[in-house]
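To start, the structure itself, in structure tokens.
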Ligand code: 6PG
């Protein structure tokens, strides 16, 4: 299994360490490739992370921002993952529009997913059937062990060839646009930031239950990908065997 796991006293400490890990990885990638790419997740946990990244003295030229998933709302909606990142990171550090590749989730789900796939294909200059290799993917995990917008029993969890798609999340009565396992697993580095006691049961399942991503989507990456680093707080890790 190619993952590391670190446990911190609280969510701010986990976010600080995760921010450092991401910035170091972006610096290395930019040094090696002249530019670097990161895909961000949404939800509530990333706010601390994005604020830490914005508060650093990191130089942001050549860093291109993408999203792991998005809710079906316009970019000025409080539910928007783009809005979260823009307000806590992109705007505070003046990231130029040319480095921002958001999911146009104000469009119909299928159209938004198609447009995003085309933008990723264009940016990464992909051949047909080729997957993008993000330098860093930041992922979270929900209380039901979902990650990105891949919720338990989602059929596309078994897919390894597609880049992104619109998925219907019945439990939320909502469409989501999400990167798919092939693109998630192709990343050079994955930073999993998971905090809060509402995650303790799913954290234990992800690490200690048999490998079954259809049941525990956040297990994606525990076995078959590049480098996955987990940043947990004590509350989320409370039930883990140590
Ligand atoms: C989203 C996310 C999702 C998130 C988890 C955890 O759009 O909701 O990208 O995958 O990482 O839902 O969310 P919290 O941080 O709010 O617990």
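The values are calculated or read from the model by the stated rules, or taken from the named source; none is laboratory data. Here the structure is a predicted model, which means the values were calculated and not measured. In this analysis, Cβ positions are derived from the backbone assuming ideal geometry, glycine residues included, and neighbour counts consider all displayed protein chains.
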Which one of these is touching a strand residue (DSSP E or B) at 6+ places or on another chain (Cβ under 9 Å) and assigned to a helix (DSSP H, G or I): 187, 218, 191? 218
Which residue is surrounded by the most Cβ atoms within 10 Å (Cβ to Cβ), if the candidates are limited to the range 217-238 and must be over 16 Å from the mean Cα position of the chain (by Cα) and modelled with pLDDT of 95 or more? 236
State which residue is surrounded by the fewest Cβ atoms within 10 Å (Cβ to Cβ) when the search covers only the range 44-66 and only residues that are under 13 Å from the mean Cα position of the chain (by Cα) and more than 16 Å from residue 194 (Cβ to Cβ). 65
Test result for residue 182, closer than 29 Å to residue 23 by Cβ, within 16 Å of the ligand (Cβ to nearest atom), modelled with pLDDT of 95 or more and surrounded by fewer than 23 Cβ atoms within 10 Å (Cβ to Cβ): no
Kindly indicate which of 150, 193, 172 is near the ligand (Cβ under 10 Å from one of its atoms), surrounded by fewer than 18 Cβ atoms within 10 Å (Cβ to Cβ) and closer than 25 Å to residue 49 by Cβ. 172
Taking the range 36-60 on its own, how many of its residues are in a loop (DSSP other than H, G, I, E, B) and either within 16 Å of the ligand (Cβ to nearest atom) or in contact (Cβ under 8 Å) with a residue 60 or more places away in the chain (or both)? 5
I'd like to know if the range 75-86 contains one or more residues that are within 16 Å of the ligand (Cβ to nearest atom), touching a residue at least 60 places away in the same chain (Cβ under 8 Å), buried (at least 21 other Cβ atoms within 10 Å of the Cβ) and assigned to a helix (DSSP H, G or I). no
Being closer than 22 Å to residue 113 by Cα, at pLDDT 95 or above and touching a helix residue (DSSP H, G or I) at 6+ places or on another chain (Cβ under 6 Å) narrows it down to one of 51, 70, so name that one. 70
Does residue 156 fit the bill of being free of Cβ contacts under 8 Å to residues at least 60 places away in the same chain, part of a helix (DSSP H, G or I) and closer than 29 Å to residue 28 by Cα? no
Please enumerate the residues belonging to the range 21-30 that are surrounded by 14 or more Cβ atoms within 10 Å (Cβ to Cβ) and farther than 23 Å from residue 206 by Cα. 23, 25, 26, 27, 28, 29, 30
Sole exception among (1) within 15 Å of the ligand (Cβ to nearest atom); (2) over 15 Å from the mean Cα position of the chain (by Cα); (3) farther than 30 Å from residue 107 by Cβ for residue 211, by number: (1)
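Results for (1) assigned to a helix (DSSP H, G or I); (2) surrounded by 16 or more Cβ atoms within 10 Å (Cβ to Cβ); (3) within 16 Å of the ligand (Cβ to nearest atom), shown as yes or no for each residue.
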| position | (1), (2), (3) |
| --- | --- |
| 89 | yes, yes, yes |
| 94 | no, no, no |
| 98 | yes, no, no |
| 116 | yes, yes, yes |
From the list 5, 33, which residue is more than 19 Å from the chain's Cα centre (by Cα), surrounded by fewer than 20 Cβ atoms within 10 Å (Cβ to Cβ), within 30 Å of residue 165 (Cβ to Cβ) and touching a residue at least 40 places away in the same chain (Cβ under 8 Å)? 33
Can you go through 157, 103 and tell me which one is closer than 23 Å to residue 78 by Cβ, under 16 Å from the mean Cα position of the chain (by Cα) and buried (at least 18 other Cβ atoms within 10 Å of the Cβ)? 103
